[in-house]
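Everything below concerns the one structure shown next.
The values are calculated or read from the model by the stated rules, or taken from the named source; none is laboratory data. Predicted model, so just to flag it, every value in this text is computed and none were measured. All Cβ positions, even for glycine, are placed from backbone atoms using ideal geometry, and neighbour counts span all protein chains on display. All accessible areas refer to the heavy atoms of the entire protein, side chains included, with ligands and DNA or RNA removed. Shrake-Rupley method; radii C 1.70, N 1.55, O 1.52, S 1.80 Å.
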Amino acid sequence: MAHRAGFVSIIGKPNAGKSTLMNALVGEKMSIITPKAQTTRHRILGIVNDEDYQIVFSDTPGIIKPHYALHESMMHQVDGSIVDADLILLVTDIYEEYDEGDVLKKLEGSQAPLAVLVNKVDQSDEETVKAKIEYWQEKLNPKAVFAICALKDYNVLAVMNFVIEHLPEHPAYYEKDALTDRNDRFFASEMIRAQVFKQYKKEIPYSTEVIITAFVEGEKLHRISAEIIVERDSQKNIIIGKNGEMLKIVGTYARRDMEEFFQKKVFLEMFVKVIPDWRSKKNYLKQFGYE
């Protein structure tokens, strides 16, 4: 059998469950998962390798109308993933109100085969699920529509089999032991950012960026230094909390996640820095890895 390989882009609106699906398909915690929308800011590749195939999944930011230069960068990453795609998985959820106009606009002109995944079906009834499937079949005439629950792994295997079946014949794009295109620094910053999303409310997580300033790998211990960037002094005070309590909580949970991920002890130190309006400043966005 000829070797198959391809790029599979997971797209959809914020909070549809794209990152949960990516992690379920790849079998690794590649993407931040929180109940808050717009958690994913970067296009993250998760690579599944087999003797006969290589699947390069792209988890992408949720499709939104941009309000900041940061949002524009996020939407460029979605556009790029659609252009590159050999196959597109459109993740929508059972609560979706048939207002996916922004998403459908992004798909215009794409020649890649498409599957629609109706997620979170465990929270619904058979009739609603059936109506949603019929709607998508009529609306987009995709190659397939799947009713799934990514969180509980329901029907994820069927999606995986569909993907393998529709991969083009091609040599592997990456080394066969590669899991992702991202380095350990990136995952360390994402683990801190995940805790910021979990521990703080309102606009705080959205105004925050995490930069790893030092990453020293040891045989038994990794030493990691990070800066949490915010836009205002008031946000800095909230991040740190009374007597530094909140920052300590973030650090404790992030360090535990890192130790599990890296399978090493981690010494983590964090500082909070104010850069006014960084989300709208192209020079800072470039510095922080947004192209």
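Could you work out the pair-distance distribution P(r) of segment 53-195 from its alpha-carbon pairs, with 10 angstrom bin width and percents rounded to whole numbers?
So the P(r) values, bin by bin, are 9, 34, 38, 17, 1.
Sorted from largest down, what three extents in whole angstroms do the Cα atoms of segment 101-180 have along their principal axes?
44, 33, 22
Loop-only check: which GluC sites (Glu not before Pro) in segment 222-283 are DSSP coil with at most 16 other Cβ within 10 angstrom?
Passing both the DSSP loop test and the Cβ count: no residue.
For the chain, the longest stretch holding no trypsin sites (Lys or Arg not before Pro) located in a DSSP loop with at most 10 other Cβ atoms within 10 Å is which?
Values: sites that count: Lys176, Lys201, Lys202, Lys220.
The segment 1-175 is the longest one with no such site.
For Tyr53, list long-range residues whose amide hydrogen, built 1.01 Å from N in the peptide plane, is under 5 Å from its own amide hydrogen.
For Tyr53, the qualifying residues are Arg4.
May I have the extent of the alpha carbons of segment 129-171 along their three principal axes, as whole Å values ordered from largest to smallest?
39, 27, 10
What chymotrypsin sites (Phe, Trp or Tyr not before Pro) does segment 22-126 have in DSSP loop regions with at most 13 other beta carbons within 10 Å?
Numbers: sites: Tyr53, Phe57, Tyr68, Tyr95, Tyr98; in loops: Tyr68, Tyr95, Tyr98.
The qualifying sites are Tyr95, Tyr98.
Of Met246, Gly218, Phe271, whose Cα points farthest to the positive end of the dipole of segment 213-272 (charges on the beta-carbon: +1 Lys, Arg; -1 Asp, Glu; origin at the Cα centre)?
Comparing the listed Cα positions along the dipole, Met246 ranks first.
Taking segment 35-85 as the region of interest, what is the percent of Cα-Cα pairs per 5 angstrom bin, listed from the shortest bin to the one with the maximum distance?
5, 20, 25, 20, 14, 8, 5, 3, 1
Any of Lys242/Lys281; Lys202/Lys242; Lys29/Lys152; Lys132/Lys198; Lys236/Lys281; Lys105/Lys139 with alpha carbons more than 21 Å apart? Name them for me.
As for pairs spanning more than 21 Å Cα to Cα, those are Lys242/Lys281; Lys132/Lys198.
How compact and how long is segment 77-119, expressed as Rg and Dmax of its alpha-carbon atoms in Å?
Reported Rg and Dmax, both Å: 10.6, 29.
Can you tell me what share of the DSSP beta bridges in the chain is antiparallel? A percent to the nearest 5 is fine.
Here the antiparallel bridges make up roughly 35 percent for the chain.
Counting other C-beta atoms within 10 Å, and keeping those with at most 16, which DSSP coil GluC sites (Glu not before Pro) do you find in segment 26-100? Intermediate values should be presented prior to the final figure.
Values: sites: Glu28, Glu51, Glu72, Glu96, Glu97, Glu100; in loops: Glu28, Glu51, Glu96, Glu97, Glu100.
Hits after loop and neighbour filter: Glu28, Glu51, Glu97.
With +1 assigned to the C-beta of every Lys and Arg and -1 to the C-beta of every Asp and Glu, and no other charges, what is the dipole magnitude of the chain about the Cα centre in debye, to the nearest 20?
It comes to approximately 1380 debye.
Taking the alpha carbon gyration tensor of segment 144-216, what are the square roots of 5 times its eigenvalues, largest first, to the nearest whole Å? Could you put the intermediate results ahead of the total?
Values: eigenvalues 212, 98, 19 Å².
Result for segment 144-216: semi-axes of 33, 22, 10 Å.
Looking only at segment 152-291, where both bridge partners belong to it, what percent of the DSSP beta bridges are antiparallel (to the nearest 5)?
Counting DSSP beta bridges with both partners in segment 152-291, the antiparallel share is about 40 percent.
Using the Cα centre of segment 1-116 as the reference point, and only Cβ charges (+1 on K/R, -1 on D/E), how large is the resulting charge dipole? Debye, rounded to the nearest 20.
Computed charge dipole of segment 1-116: roughly 360 debye.
Rule-of-thumb check for segment 4-126: C-alpha Rg over 2.2 N^0.38 Å?
Normalised by 2.2 N^0.38 Å, the Cα Rg of segment 4-126 equals 1.02.
In whole percent, and with a 1.4 Å probe on the protein chains, what portion of the accessible area of segment 139-291 is carbon and sulfur?
Details: 4310 of 8720 Å².
C and S fraction of accessible area: 49 percent.
Restricting things to alpha carbons, tell me how big segment 189-272 is in terms of Rg and Dmax, in Å.
Radius of gyration, then largest Cα-Cα span, for segment 189-272: 12.5, 40 Å.
Taking Lys264 as the anchor, which aspartates and glutamates have their alpha carbon closer than 12 Å to its alpha carbon, excluding any fewer than eight residues away along the same chain?
Lys264 reaches Glu217, Glu219.
In Å, what Rg and Dmax follow from the Cα atoms of the chain?
19.7, 63
Mind checking the per residue accessible area of the chain for me, 1.4 Å probe, whole number of Å²?
49 Å²
Under the √(5λ) rule applied to the eigenvalues of the Cα gyration tensor, what semi-axes describe the equivalent ellipsoid of segment 181-231? Give them in Å, descending.
Numbers: eigenvalues 109, 21, 19 Å².
Square roots of five times the eigenvalues give 23, 10, 10 Å.
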